[in-house]
Amino acid sequence: MANHGGGAAGEVGIGGRPLPPSSIPAGDQTVWADASPFIEAACNDLQDGELIHGENFSLFAAMSALEIMDPKMDSGVENCGYCSVEEAIENGAAPIPLSLDRTVDVQRTIDVMDHLLACEATWHRGHSLAQTVFSCIYLLRIERTSSHALLHSYCRITRATCNAIISAVADARTHEEEDLFTMAYGLPLKGEGDEKCLSILNSVEETISRQLRACKAPSSKKKVLEDLESLQTNPDLEEGYCRALLCRLRFRKHFYHVLMCLRKPQGRGLELARKHVASCLSELAFIYKSLEFLRSVSHGSAQEDVENSTTASGCRPVGFDVSLNSKLSAPTPPRAIRLLSWKKAVGYFEKLLHDLDVLCAFTLDPMLEDTLRFVVQFQKSQPDLIARAHLQLLLVQDGKLCGRDFFYDVISKALALPELAKDQEFQKNEFVVQLGQLVINLLKILCTNSAWQRRKLGKILQDWSVISIQLELAFKREFGEMLNVSIDENVCMKVSKHLLIWAQEQTYWIASRFLTLGFELELYSPTDYCMVYWYMYVVFVKLLEKMQMRIAASSDNSRRKGKKKRDHAKDSGRDAGVSSSCLLLQCYIFLSEGLAMMLAALCNDCKVFQMTGPFNGEEERFIQQFELLQKAQVPEHISYYLFKESTVHARLFNVAKHNYFREAQRIIASLKGSFSGEPDKLLEVRQLEQVAEHNRIALNVVNQVGGQDPSLRVSLEFTHHPYFAVAVVKRS
């Protein structure tokens, strides 16, 4: 305990021991007193769950309080390991070379490479950079490795890669969901000469390639190559080690190229990035194949199980100490982390590269509707932060879509009025500017993880609803008395009408995305499904209505212009796609309505899926689930009482009679041909077909047996579609 105002003499620590001069910098006005008796008395007096606190202490303050002597919170309690990097180096924790035996040196270098890969994958998954990648002493003092060309080149490219990834994630600002990701903690992320990391790596790669060719060369040619120094001392292992090193170095090189190409403006590097992705995947396959060789020739500590080891050889790597950075400034205490195994790290990078490959296949001149569909489809594979950050950076560059089209141009295309993009008045229109910013925000939100995305969609929904209301009021104010004026005679009225319809359509699309994400995040209980499907039905109906209004307005506009044959051919193809989208939405409507009515009938007739908990009733659950939609009035005049009125009289025989699922099947049959060239949509159509068929059969079975049969058990499963359930009927 410190008393200010006295001299510095008599400084003692807990237990009366003198404090080391270097541990606490005591000023001239500070006197340290022994607090041990007070702490001991408090410990004897306190019961479990009690704590000593000042008058100004609160539960809010407890959120940022540290618990002394808890290893998870008190970074100084475990005094194992080294106090500094220099101490670790002096004690031989990171030797250069890694061994005087050249064969062992190569093996240990590969172990360092493999462990760094596992650390990097663990960092990507949300853990601290300081406790993962930069637990490597060689990276912390990279200049020491300059005499070891192989290790030096790998450390350089790894550090440059980490810096590139942090830059991308920070620019995309998707790190709010994993806020530890971009924190560098003052670590040496940049260094002089890092821009030459590729040339250094290429030089080392070329040397090892020549060594590989030398050991594979026929005896007649070996004389020419005899001046080339071998990689290590055992000729029988030379080829295996060369191959293991080359695939690791080449993977690093191509992965760095992928990151650089993805950052090129306007998507100019996508095609080249895709080639490097293919090379990365090829090298990863070779890395995985090296497992058998490395485990058979490993030296050193006992081998760990391949499922848990962070190296291919199974040996523990040298040159790593997690505790070195544990005292670095951070918003939270150091976390106890478990690194991904080497095998899982390889699998992680394979998944990341496949996601980046999909990203590279994105069409750079898309309609907004196609862009939204691409992002939603991309999110189905549950991409990690790195892939989502690069997707956002591709879509939104310098306030333009893909760095190419201003968003007023994007909106004019969505309105099927491309000529408006050149109109200065349209570009500066207050509503167009606001809608452009809302579209940018929407694209950024759709690139976040599912939980963050749903939360933000619920909030942005109110912004879209407000601007739709403002557009509608402005339209009525300006043109309320001009309804007899033809659209051709009033361009301003035509544009306002198109903007209003389009904004309303986007609002309902966001609402539908908000609702369906609840299934992915498992936010709904079986007792909620009836009201959720009912709300989805209402939203889908409104969405279809606005979509059809937009299509009708666009078609009317096209006819009045008298387009050329070539333009008609383009429009006919687009119209076919739009028609298919409307039919798919109609299918959603029948399935949502059918599920809502079937569940309501099961609740009324069979007394299943009823809310029986002691806490929230059905009305409270309705308000909790749809609070954000209700605040935004999406749709208008929707309430719990309307839901109850729609479902309270539902009966099994009536639901079976209406045959919602049969109607969905009829639409699905016509959609199969429309989506024959689109595998993703065709897959979904087949999933919807399974949902409709299974639910139709289940409904008929329950209706025939009778809802009063006590042996009947009905459950819901999501075996065929992520958010349309299938009823499973069994006898107990």
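The values are calculated or read from the model by the stated rules, or taken from the named source; none is laboratory data. Just so it is clear, the model here is predicted, and its values are computed rather than measured. Cβ sites come from the backbone with ideal geometry, for glycine too, and all protein chains shown count toward neighbours. Surface accessibility is based on the protein's heavy atoms, side chains included, excluding ligands, DNA and RNA. Shrake-Rupley method; radii C 1.70, N 1.55, O 1.52, S 1.80 Å.
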Scope the stretch 424-440; condition without any contact (Cβ under 8 Å) to a residue 24 or more places away in the chain and crowded, with 16+ Cβ neighbours inside 10 Å; matching residues: Q427, N429
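Look at L500 and say whether it is modelled with pLDDT of 95 or more, touching an Asp or Glu at 6+ places or on another chain (Cβ under 8 Å), part of a helix (DSSP H, G or I) and open to solvent by less than 30 Å² (accessible area, probe 1.4 Å).
no
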Residue selected from the stretch 706-731 under the condition in contact (Cβ under 8 Å) with a residue 60 or more places away in the chain and assigned to a loop (DSSP other than H, G, I, E, B), by the criterion nearest to G518 (Cα to Cα): Y723
Test: residue in the stretch 118-127 that is open to solvent by 10 Å² or more (accessible area, probe 1.4 Å) and part of a helix (DSSP H, G or I): no
Flag if D370 is on the phi > 0 side of the Ramachandran plot, open to solvent by 50 Å² or more (accessible area, probe 1.4 Å) and either among the charged types (D, E, K, R) or in contact with a Pro (Cβ under 6 Å, 6 or more places away or on another chain) (or both): no
Tally of residues being closer than 13 Å to F134 by Cβ, open to solvent by 20 Å² or more (accessible area, probe 1.4 Å) and among the basic types (K, R) across the stretch 144-166: 0
